[in-house]
Structures are given as structure tokens and as C-alpha cells.
Protein chains: 4
Amino acid sequence: MNDLSDRPVTIEDEIAAMRDTWTPTRRAVAPGMEEHLYSIKPVLDHGFIRVIDYMGDDAAIVQAARVSYGAGTKHVQNDEGLIRYLMRHWHSTPFEMCEIKLHVKLPVFVARQWIRHRTANVNEYSARYSILDREFYIPAPEQLAAQSTVNNQGRGAVLEGAEAARVLELLKADAGRSYDHYEEMLSQDGQQGLARELARMNLPANIYTQWYWKTDLHNLFHFLRLRADAHAQYEIRVYAEAICDVVKDWVPAAYGAFEDYRMGGAQLSAKGLDCVRRMIAGEEVTQETSGMSKGEWREFRGVLNDPA
Amino acid sequence: MNDLSDRPVTIEDEIAAMRDTWTPTRRAVAPGMEEHLYSIKPVLDHGFIRVIDYMGDDAAIVQAARVSYGAGTKHVQNDEGLIRYLMRHWHSTPFEMCEIKLHVKLPVFVARQWIRHRTANVNEYSARYSILDREFYIPAPEQLAAQSTVNNQGRGAVLEGAEAARVLELLKADAGRSYDHYEEMLSQDGQQGLARELARMNLPANIYTQWYWKTDLHNLFHFLRLRADAHAQYEIRVYAEAICDVVKDWVPAAYGAFEDYRMGGAQLSAKGLDCVRRMIAGEEVTQETSGMSKGEWREFRGVLNDPA
Amino acid sequence: MNDLSDRPVTIEDEIAAMRDTWTPTRRAVAPGMEEHLYSIKPVLDHGFIRVIDYMGDDAAIVQAARVSYGAGTKHVQNDEGLIRYLMRHWHSTPFEMCEIKLHVKLPVFVARQWIRHRTANVNEYSARYSILDREFYIPAPEQLAAQSTVNNQGRGAVLEGAEAARVLELLKADAGRSYDHYEEMLSQDGQQGLARELARMNLPANIYTQWYWKTDLHNLFHFLRLRADAHAQYEIRVYAEAICDVVKDWVPAAYGAFEDYRMGGAQLSAKGLDCVRRMIAGEEVTQETSGMSKGEWREFRGVLNDPA
Amino acid sequence: MNDLSDRPVTIEDEIAAMRDTWTPTRRAVAPGMEEHLYSIKPVLDHGFIRVIDYMGDDAAIVQAARVSYGAGTKHVQNDEGLIRYLMRHWHSTPFEMCEIKLHVKLPVFVARQWIRHRTANVNEYSARYSILDREFYIPAPEQLAAQSTVNNQGRGAVLEGAEAARVLELLKADAGRSYDHYEEMLSQDGQQGLARELARMNLPANIYTQWYWKTDLHNLFHFLRLRADAHAQYEIRVYAEAICDVVKDWVPAAYGAFEDYRMGGAQLSAKGLDCVRRMIAGEEVTQETSGMSKGEWREFRGVLNDPA
């Protein structure tokens, strides 16, 4: 399932060779990111991300912002201060001046969520044109969760015992059988062989696919805020977390601001803000006096780390 | 699999009721499109498109263009002439002033191609949140094609006899069994029940999904040019063709220009243009004297309807 | 500067005639919006907005969301509750299912800010093709503000007396003279006349232009959050406010949620959230103990309505 | 008007220093592009483009395409052949995998055309925040063209003699006077000084602005096809041509395909294609028998290089 397969070396050899090749450039170089280049970061049972290319660094964000702020700046702001200011005030365009390109291997049902982020460039391995590998995502036992009883869109307790075993057995058996039949339908041995673009319809959503995915830092942060969040499905969250580890080393100042203002922060509504002001002034605010619905109030208390 | 299910009427009743409800509006109304509103156009074995809403008509294209061309126009161009001029000269922004919203039911492997058109708004039925229906695309016998022997990305002859029967049997059996197991894993009867967001991974790519899809006329034409084309996979082409039938009645002048300048036309390369000039001048041009590769030359002859 | 000028009726007559024409449609109709259709809402001294078309209403947002939430919903949520939930949880795609098309007349320097919102469709009156009208934005005396002494990007006190008079005089005289020369250069009376695409370069940034601008409700809300904000430049803010007045009547539930969760709310950083928690617990937090920079702390106190 | 102005070195020194700094990278390096990095390419009288950064090369296009074509490829296509195939068949996503970032100085009326290309990232120098430099585009005498008599959107013969002199005099005098008054209004010498965000409205459309502009290769080709075209206004075409010179060295194979299939080619309508087929078969086709309007027929003859 890759273009290196006809060469007498393994992918690992190829990647090692690419990692060993250093070429001089006049461009901005992010030393922390160079360390990550090409190296495979395993995600889930058969997936990975690897950084193929990048453009820019923290200084590139500042440089672009200064075109728009120019000589008018009175106070010499240091770069980190300016980056924090930009993030705080939703000045997103300077962050768009950095770009990242990843090679990702991921289950199809994860890819279907991921692709909803439209402001990105994508080249996906085509099952219309090529034959997919026999690789399926099978959850680790600790990820085999029951349907949440409070949230239609979430997980509850981990399945155990016979139920867990049965689920794993079904997932494995169905994936294997579907793939066997995919191969049988494609086979040109003693028969014509079904068109690839048709045979693929038999494959389940946990089969792995691959793509090149390229986006700018602003849109990447948006992706990470939603997908590295605790409410995101585990199977996409682990990809987002692997990307976070890379971004942290690529643009440390921007990532720090992102953590403070986006990931670790919270949006308060007008009602929430009003409650906070009253609570700081010493008032005992309850759901009834908050003006919020029960759901909102529960979420609001969660933001304040207050189980009441 | 729809929000009407708890009402004591069928979807068909609902739609009929909506079709019978006429409300006065000050907006531009496209009579040809009103005829299509809400009515279900079947596509494939279980799919459909239906028009939910639209904005604008042929006159709206002209009206928007005239803001940009204004009083400077010397010649009073009729609307159709202006629309053809805009299409011919790739002035795409006036076509963006019309918008369409469709409800589409389609197999997942078709949805995965479709979603690659990024300039659109999409709300898809969530298998993370809800349970999908037991409906799968099974090709009609005449669509059960072999892999093309000349094109990695295409279909050859129709499968026949035992091979065809075997393929249909495999597709049906695998889809049914995967769905049975999907239900078994979800079941909370005597067990916890696997989370929906996990259970869905067992479902094959021919299961049907649904979405609301909204786009502007310029981007719709781009979609139709690629997907109503003879090289598009049959299973998405039939959706594009169903949409063509609707657009034809919605904006007849724009659709006419689209047919003439996009669907029925062809892009010639510099080399192709040079060959055409020489051929018109009476020269006998061959692949060798064309400057084209064999593949290009074959395609070029195809454009000229010349099998040589 | 409009396509109606060769007709024997005034624009006002035309608009009145359009407002008086009601046509039956099967589409969703938003009664509050019909009232606004075509009517000119004056903005600044010569500008305006007018609604040309719209698609959808509050119910359309719910309808689109329910495709993605489907029959899994246990609790029958009323429409407004669902709309608030979607807004609170940044589920933006259902809001993209509504669309608005405006005709706007605005000064060029405002247009240059506005166009930075890229997710919109635009047809602008072309000064390359046509001749612009002699109309310039001249600020009202109460808007003639001095440069802010604390914010490079803001206004301070209103200018008074001789300085104000001098500024108004300069703005009027320069605009008038530049336009006179624009006409002189274009004139074909006894000379060839300079090309329009060149002559326009003499026109100042306060000349009025016009465009058709179309966007979806999600992106409109994003525009309004930034441009109806107190920190936005007055000259674009008044357009945003005029649009708010329209949206309020178009999608009252969505607009209410927008006001509560976006316009009236605030984003707290991780540090801000930590301070709020400590303050509610009774701690006296100062800038020094907050972990924030002086600028951040000042803004944080502002969010809490606390001048300290 | 730049962030380097408070340093004791000139911009030229800065740029020379950046050009002299080579850092090793593991990323793909395009040797032809490294030559262009940071060097200022003058355009018009005071404008320029300079390459700030880039991502990818010809091989990166192939690499991304191969993810989507993978091991199914039977014929070992060389890279250039594959790139030509992708361009010919409108497979645009692999070209999106290359990215370029430019610093551009350009007149405001050119910037207003340029910004219409929405799929790009932009940071513009802010006249709301900072003070613009006294630099205006004044056409060279050979660019001082009359309005076209056949095309509302074009130029005719070059102005000569007294008319030309008068135009140049007006453009220079008005720009200078407007700028003098801009400075007078801003001045805080014995007065408060008008806010920058207001004073800028007095500046004409030929004043220079600057921005950082970043886009991918596919969208760049789209920009170049429209703006390096003979019908584009001269003042933006020279920027597009300067960019062409850079792209040629950056991705020579992709640029060659672009020249052949886009710049040097032509789109034929269904009617045009029909005429070509008949003409090759020896038929004498006239406008009357072509089915085309007069305008279309004239353009069609132009494509065939046939003045008839």
C-alpha cells in the first residue's frame, strides 16, 4: 500500500535514509520540528502520523503580524508576548502563515470525521484505483466501552468478560471475512474479477486508509481544539494528541498560547459571566437564580470545577 | 432514521403536506424548481435526492453581475447572452449568488467521494449518535462490472453467470451478517451494549447514510462537471445526473451555458491547439508529429471523435 | 451606478414594486425577514444595506441538525433548546444551512476590511468597467476622533474647533478635487480619455462602492462577532449593527443564542479560569498572583466589570 | 513601513544577511527556488515581490499523488509524465501539496483585485494601526492608455502629447496633495491629530501597500492563469509574470504542464468543438453555420489564430 514497495529496501530503510539527508536551505528552520521529520509516530494498533514537511516557525508568525502592525508599534513587544496577544484577540491570520504536511494512516471511520475539517489539502490512497491492505482497527480491551447512559454521543463503562470477548471476536471475524471476500471478488484467477471501485464496498469502516494532509497552523489549532478535547471520540483524539506533541516542538510559543487560551480556557456565556460576577461578589447562585437551563448549569459548574 | 418517525404519519404524508403548502414570499421564485421541491428522486436501489431549498434564479445571476458591470454596459445584452458570456469567460462569482440545499441518501463509499468537494455545507446523519438503518447498496446485475484491463480506475465488461451470482451473494451475505452483528453488539438485552461510536466500525462501505448538502451554483457546476462525466464512477454519476435534471429546470439559461461550455466542450492544450490549426490547414498530423505522448494523443483523437 | 438607470422609473419605484410583489413558494418562509426584503437601511452618510434574498429560518437549523442527530435523541428537545445547545457546543454546520444575500453600499476603506472575511460570495461594482458616482464618506462631527493615546488601533476624544473644521474641509476638498480630475481624465471631449481602469487610481478610499454579498449564517455570526464588537472601527460597526437588526427578525432563536454565547459572553484563558475559581473561593487575586501580564490582567478585570 | 526600521542596518543589509544564512534541513529543497529566496524582484515603479518561504517541489506533487494512486500503477510513469497527466485530468489535489509565501508591495487598486482570490492567507500592513509611506504608482508613459473603444474593460492606444502630460501631472499632484493633508491631519504638533483609521480615507488608490501572501500551487496556478493572461490589467499582470518567473524555477515540471495545458491551451465549447471537427473534415464553416453568436465566433476564430 505504498509507492516504495517495488524497491529492494524496506520503508524503514527509506525513512532512515531520508532522515539522514540534510540539505542546506535559506528558509526558516524549526530545529524542534526537524527532529520529528519523517519519523513514524504509531497511533492505535496499525496507524501512524509522520511529518512530511513544514513551513515557518514562531518567528514567522511574528514576522507576518508585523507587516500588519508595522512601525506603529510603540512598545517593543517580545515575540512571545505578541504571539499571546494575537491568540487572545483572535487575530488568526498570522498563524495561517505556518503550514504542516502529514502522512497519516487511520481507520476509515476516523477519516470520515477528520475530513469534515474542510480547510485542508488532502490526497487519500484510492481504493478505486488500488487494493487496500488487510489491516483493521481492533480496539484494545480497555477501549471497548459500553454506550453511555447519559450521553447519546459517548462511552460508558468498559465492557468486560464474555460480552467483551464476543465483541472482539465479531469485529475480527467480520473484518477478516469481508476482506477474504474482497480478495475473492477481485481475483482474476479463473474469472474476470470485479472492478476495484465496486469490490471496496464490502470493506468495513475499521479498515485502514492513508492520506497526505496539509493545513495551516490556525486551522490545525482549530482541529486540535475540537479533536484533542475530552469529548472527542478516543480513536481520533489519539491522533490529535500525537499531533500536539509535534506542534509543541515546532512552534513552542504559539502552542503555549494555544494551550492557555484555547485548550485550557473556557467560553462563558453572558449568563455565565453574570453568574461569575455575582459569585465573586459573594452571592450564592443556584441553577434557579442563574437563568440557565439544567444542562447549561451543569456544564457551567463543570467549568468552575464545582460538582454542586 | 429520521426525525419524523415519532409522528403518526408516514414520511410520504409529511412530504405531501409540505408540497401542498404554499406561502407568499417577496423573494425571487423559480417556477421550474418549485415543482421539484421536497419530491423524492430515487437514485440507486435505496438512495434519493430531494430539493429542500434554493435561492435565486437565472435573473439573480444577471442582477449580481450587473452590480459589477453596472451602467458602463453599452450594448443591452439580454440575460441569456450575458449568462453565456459570464460562463465562457470564467466569471464565476455571479453563479455563486444562487444556492441549493439537497437532502441526499447515498452509500458511504459514494459519500466519501462526494465529500472531497470542500466548498459546500454538510450535515450528515451521525452513526456516533444514532443507529443506522439496515439498507445496503447492492449493484443491479448490469452494473456488476469487471475491472477494466486498460484503466486502473475503471470498469470493463459486465460479469456474468456464476461469477456474477457469487459476487452478489457475497455482497448481500456480508452486509447482512455485519449488520446483524452490529445490532448484536449494540443490544442492551442482557448485556451492557457496545458504544454506537464503536459498533459502527463493523459496517461496510455500501451501507446508506444521509446528509443535507448545500452549495452554490458555481461549485455545483464544478461538482457536476466532474461527477456527471463519463469517467466518473457510475454510483456517483447517477446522483449527479439526477441533480442535472433539477438544475435544468431551476436555472435553464445557466444550465444551457454549462452544457455548452463545460459538459459538452473540451480543453485543448497548447500542443492540441497547434495540431488543430495544422489539421484545419490540411496537414496530416500524426502522434509522432504532434509532440504529444501516446496517451495524450489518444485522448486528443477522442476529443475530435476520430478513432485513428 | 445601477442597472436600473436607463428605465423611466426611480430606484425607489423599482424597490417599492418589488416589495409589493408576493409569489407563492413551497420553501420555508421567515415572516420577520420578508418585512426587511429589498427595503433600504441607510448606514453612514450615503451607504446602505438591503436584503436581496435569504434561505432558511430557525426551523431549518433544527432540521439540518436532526439529520445528524436523528432518531437517537431520547429527550424531545424543543427547537430553541437545541439551537442553544448547538451554539454552546460550537456545532456550527447546522447554522451554515441558512444563507443571506445583501446589497451593500459602503466606503472603499470599509470594503477593504470587510472583504477579509473570505467565506462569502461577492460581486462588486467594477471601476475597471464602469464610472463610479461622486459620493464620499465624510464623518459626522461626533465621529471625528483623535488618535487614541493608549491604543495604536483606536480612537480618542472627539476633535473640536478649528482642528475639526480643518479636517472636514480637507476631506471634502480633496475628495471633490480628486473626483473632478477623475472626470477630466476620463473625458472624451476633445481628447482620447484615459482608460477607466487607470483613472480610478486617483480616487480616495472614502469613495463609495457597492456589492452583492452572500454568506451563510455561521460565517455571518463570525463576521458580526468581530465587527459589531466595541473594538471594531465605527465605520464598519454600523454596518454590522444594521445587519444584526435584520438577523434578529430572521432567525430569532439563533440570534438569541448568538447574543448569549458569543456577543455577550467571554473567553477565559486557563489562567483566567484559575483566577475566577480562586476569587469565587474568596481569595484576593492580584496581577502579581494571577500569572498574567499587565495587559492580560487589565483585560481580565474588564471582563469581570471590575475597574481595579 | 517595515519592522526593520529601528535597526541600524538597511533592509538591503538585512536581506543580504538572510540570503547568506544557510541552515541544514531534512525537508525537500528546491534548488531553483533557493536562488530566489528573499531577493527583491522589482515590479512597477515602487512595488516588488520577494519569496519568503516555500514548501515542496515537483517530487512532492508526485509523492502526494502516489498516496492516492499507490501500488496499483502498472506502468512506471516518470515523474514528469505523471505531473502532466494530473494537470491534464484536473487532478488538482497533488498540486495543493506545494505552498509558497510571498512578500508583495503593490498599489491599493491592484491589491483590491488580487484579494478576490480567496483561497490564500494574507497579512496586510494596517493603515488603521500604522502610517503609510509616501509612495504612489504613477504609470510609465507607455502605459498611459486611452479607454478602449471596443471593450469597456480594456485599454486602447497610448495617450500622447498634452493629454498624457496633463494626466501625469494630475495623478502626481493629487497624490502628493492628498498625502500632505494625510500628514497634516495626523500631526500631533499643536493639535490632537486625527485617528489613523480615519485619516487613511484621504489616500488615493494608487498608494502602495504591502502584504504577506501565502497560497498553494494549485490556487497559485489558478491566479496566474487569470492574471498573467493578456486580458488582465497590466498593473496586476506584471506581478503575475514576476511570480511565473519564480515558479518556473521552483517546480519546472509542474510549470511546464501548466504552460501547455492552461496558459497556452484553450477551452472549446460544444459548438466550437463541432466546428473544429467540421473544419478538419474540410467544411467551410461561417458564423452563420457555426451556431455561435458574433462575439463567440470572433473569440473562436481568435483561438484558431484566424483573423477571418
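Rule-based calculations on the coordinates, nothing more; no lab input. None of these values were measured; they are calculated from a predicted model. As a convention, Cβ positions derive from the backbone with ideal geometry for all residues, glycine included, and neighbour counts pool all protein chains shown.
As an exercise, take the mean of 1/r over every pair of distinct alpha carbons in the stretch C:119-239, invert it, and state the Kirkwood radius in angstroms.
17.2 Å
What FRET efficiency do you get for D:M263 and B:A140 if R0 is 51 Å and r is their Cβ-Cβ distance, rounded to the nearest 0.05?
Between D:M263 and B:A140 the formula returns 0.70.
Comparing B:A270, B:A240, B:A30, which has the greatest mean-square fluctuation in the GNM of chain B with Cα pairs linked when under 10 Å apart?
Among B:A270, B:A240, B:A30, the largest GNM mean-square fluctuation belongs to B:A270.
Provide the three semi-axes, in whole Å and in decreasing order, of the ellipsoid equivalent to the protein assembly as shown as defined by the square roots of 5 times the Cα gyration tensor eigenvalues.
Rounded to whole Å, the semi-axes are 46, 41, 33.
Given just the C-alpha atoms of the stretch C:167-212, how large is their convex hull per residue in cubic angstrom?
84 Å³
For D:A162 and D:V150, calculate 0.36 nm times their separation in residues minus their Cα-Cα distance, and state this gained length in nm to one decimal.
Length difference between fully extended and current span is 1.9 nm.
Cα extents of the stretch D:138-205 along the three principal axes, largest first, in whole Å?
Its Cα atoms span 52, 24, 13 Å along the three principal axes.
Greater than 19 Å separation of Cα atoms is the criterion. Which listed pairs, C:K41/C:K101; A:K105/A:K214; A:K294/C:K248; A:K41/A:K248, meet it?
Where the Cα-Cα span goes over 19 Å, the pairs concerned are A:K294/C:K248.
At 7 Å along the Cα-to-beta-carbon direction for both C:W90 and C:D45, put a label point, then send me their distance in nm to one decimal.
4.3 nm
Give me log10 I(q)/I(0) at q = 0.20, 0.21, 0.22, 0.30 Å⁻¹ for the stretch A:117-162, Debye formula, one equal scatterer per alpha-carbon, no solvent.
For the requested q values the scattering log ratios are -0.81, -0.82, -0.83, -1.08.
Take peptide D:210-220, look around each residue's Cβ out to 10 angstrom, count Cβ atoms belonging to other protein chains, and average those counts.
That average works out to 3.
When chain D is modelled as a GNM with alpha-carbon springs shorter than 10 Å, which of D:G264, D:G176, D:G190 fluctuates the most?
The residue that fluctuates most here is D:G190.
How many Å³ per residue does the convex hull of the Cα positions in the stretch B:97-181 occupy?
Dividing the Cα hull volume of the stretch B:97-181 by its residue count gives 158 Å³.
Report the Stokes-Einstein translational diffusion coefficient (µm² s⁻¹, integer) for chain A, Rh taken as the Kirkwood radius over Cα pairs, at 25 °C with viscosity 0.890 mPa s.
107 µm²/s
Using only atoms on other chains, find how many Cβ atoms lie within 10 Å of each Cβ of peptide B:146-155 and report the average.
6
Report the calculated FRET efficiency for C:A17 and A:A281 (r = Cβ-Cβ distance, R0 = 56 Å), to the nearest 0.05.
With R0 = 56 Å, the Cβ-Cβ based efficiency is 0.45.
So what is the 222 nm mean residue ellipticity for the protein assembly as shown from helices alone, if each DSSP H run of at least 4 adds -39500 (n - 2.57) and you divide by all residues, rounding to the nearest 500 deg cm²/dmol?
That calculation yields -13000 deg cm²/dmol at 222 nm.
R0 = 25 Å: FRET efficiency of B:E35 with B:E80, Cβ-based, nearest 0.05?
Calculated transfer efficiency: 0.75.
Mind putting together the pair-distance distribution for the stretch C:181-308? All Cα pairs, 5 Å bins, whole percent per bin, short to long.
2, 8, 13, 12, 10, 9, 10, 10, 7, 5, 4, 3, 3, 2, 1, 0, 0
Convex hull over the Cα atoms of the stretch A:43-189, averaged projected area in nm²?
14.1 nm²
Mind checking D:266-279 for the average number of partner chain beta-carbons within 10 Å of each residue's beta-carbon?
The mean count of partner-chain Cβ atoms within 10 Å per residue comes to 6.
Obtain the nm distance between the two label points defined at B:R301 and D:E241 by a simple spin-label model: each point lies 7 Å from its Cα along the Cα-to-C-beta direction.
About 4.0 nm, to one decimal.
How would you order D:249-258, D:48-57 from highest to lowest mean count of nearby Cβ atoms within 10 Å?
D:48-57, D:249-258
Distance between the C-alpha centers of the stretch A:233-296 and the stretch B:137-203? Whole Å please.
43 Å
With N residues in the stretch C:235-308, what two-decimal value do you get for its Cα radius of gyration over 2.2 N^0.38 Å?
Its radius of gyration relative to the 2.2 N^0.38 Å reference: 1.48.
Have a look at C:E241, C:E12, C:E283 and tell me which one the Gaussian network model of chain C (Cα, springs below 10 Å) gives the largest fluctuation.
Result for chain C, Cα springs under 10 Å: C:E283 fluctuates most.
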